[in-house]
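The values are calculated or read from the model by the stated rules, or taken from the named source; none is laboratory data. Only a predicted model underlies this, so the values are computations on that prediction, with no experimental measurement involved. FYI the Cβ positions are ideal-geometry reconstructions off the backbone, even for glycines, and counts take in every protein chain you see. Protein only, heavy atoms only, side chains kept; ligands, DNA and RNA dropped before computing areas. Shrake-Rupley method; radii C 1.70, N 1.55, O 1.52, S 1.80 Å.
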Amino acid sequence: MRPQLIIALDVDSLAQAQKIVAELGNAIEIFKVGSQLFTAAGSESIKNLQAQHKKVFLDLKFHDIPNTVASAVKAVVHLQVFMYTLHTVGGKEMMKAAAEAATQASRDLGVPRPLGVGVTVLTSEARKENLRDLVLERASLAKEAGLDGVVASVEEAGFIRREFGKDFVIVTPGIRPAGTEVGDQKRVATPAEAVRQGSNFLVVGRPVLQASNPQEAVEKILAEFG
Ligand code: C5P
């Protein structure tokens, strides 16, 4: 699988999101809708992207009782997003309920099943002792529960790839091209390093959204894909 760049539409309105999408044109195929845009603009933000033939990564990091998460995932399938997130700390039973709901709902509706990925440890959390073990443990649970992969930092991507094989999806936020602000992120890496470590999807927000020329910022990141 060739690695792909996902731009996080972490903005306050549909109008702002549309502006960025228009600016980036054909360079980007997948956009992330997270809690900020989804809370402000709802499912309209997803439909709007799809109307422009863009794929949507819905990053709402579900973490609730299994029944509620399964129902939310069913709604995700209705929205026909490409990929969605849940929190691995929700436990194996919750992740399993989500994975089964995705399979069942997509069969019932006759639509493609979205990829389900579990957030392991947020990239804004500092390095701590036994982080690898924690990420590994959570990634194992995600795999056993039937999820397609995980969200992790680039620092853990390499060993996740070695441990879980080539078909396990790895999504890496915390990407910072040389010379850009780190912000609240702690475990950061360059796009080139993310690709080298086996990331499938690189999620980038502020380095593009806050760039004086977002299009140029994207081109620079893509040039690092090699
Ligand atoms: O602006 P920045 O490039 O730091 O944005 C990273 C994006 O990835 C944000 O939208 C954030 O919600 C998301 N994310 C993250 N860490 C995770 C999962 C998702 O930073 N573990």
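Remarks
- Checked against the criteria, Gln4 counts as of a type outside the set (Val, Ile, Thr) and in contact with an Asp or Glu (Cβ under 9 Å, 6 or more places away or on another chain).
- Residue in region 184-199 that is farthest from the ligand (Cβ to nearest atom), counting only those that are in a loop (DSSP other than H, G, I, E, B) and open to solvent by 10 Å² or more (accessible area, probe 1.4 Å): Gly198
- Checking each residue in region 171-226 for being within 24 Å of Asp12 (Cβ to Cβ) and free of Cβ contacts under 8 Å to residues at least 40 places away in the same chain picks out Arg176, Thr180, Glu181, Val182, Gly183, Pro207, Gln210, Ala211, Ser212, Asn213, Glu216.
- Count - residues of region 206-221 that are under 19 Å from Phe57 (Cα atoms) and open to solvent by 30 Å² or more (accessible area, probe 1.4 Å): 2
- Region 168-183 - residue that is near the ligand (Cβ under 10 Å from one of its atoms) and farther than 16 Å from Leu5 by Cβ and, of those, surrounded by the most Cβ atoms within 10 Å (Cβ to Cβ): Gly183
- Test: residue in region 65-86 that is within 15 Å of the ligand (Cβ to nearest atom), open to solvent by 40 Å² or more (accessible area, probe 1.4 Å) and closer than 28 Å to Gly183 by Cβ: no
- Boolean, Val203 is open to solvent by less than 70 Å² (accessible area, probe 1.4 Å), within 10 Å of the ligand (Cβ to nearest atom) and either aromatic (Phe, Trp, Tyr) or in a strand (DSSP E or B) (or both): yes
- Residues in region 119-146 that are open to solvent by less than 60 Å² (accessible area, probe 1.4 Å), in a helix (DSSP H, G or I) and in contact (Cβ under 8 Å) with a residue 40 or more places away in the chain were compared, and the one that is farthest from Gly91 (Cα to Cα) is Ala139.
- Against the criterion of being free of Cβ contacts under 8 Å to residues at least 60 places away in the same chain, within 28 Å of Arg187 (Cβ to Cβ), touching a helix residue (DSSP H, G or I) at 6+ places or on another chain (Cβ under 8 Å) and open to solvent by less than 50 Å² (accessible area, probe 1.4 Å), Val111 does not qualify.
- Matching residues, region 1-56, being on the phi > 0 side of the Ramachandran plot and assigned to a helix (DSSP H, G or I): Gly25
- Residue, least open to solvent (accessible area, probe 1.4 Å), within region 147-167, restricted to residues that are away from the ligand (no atom under 16 Å from the Cβ) and in a loop (DSSP other than H, G, I, E, B): Gly165
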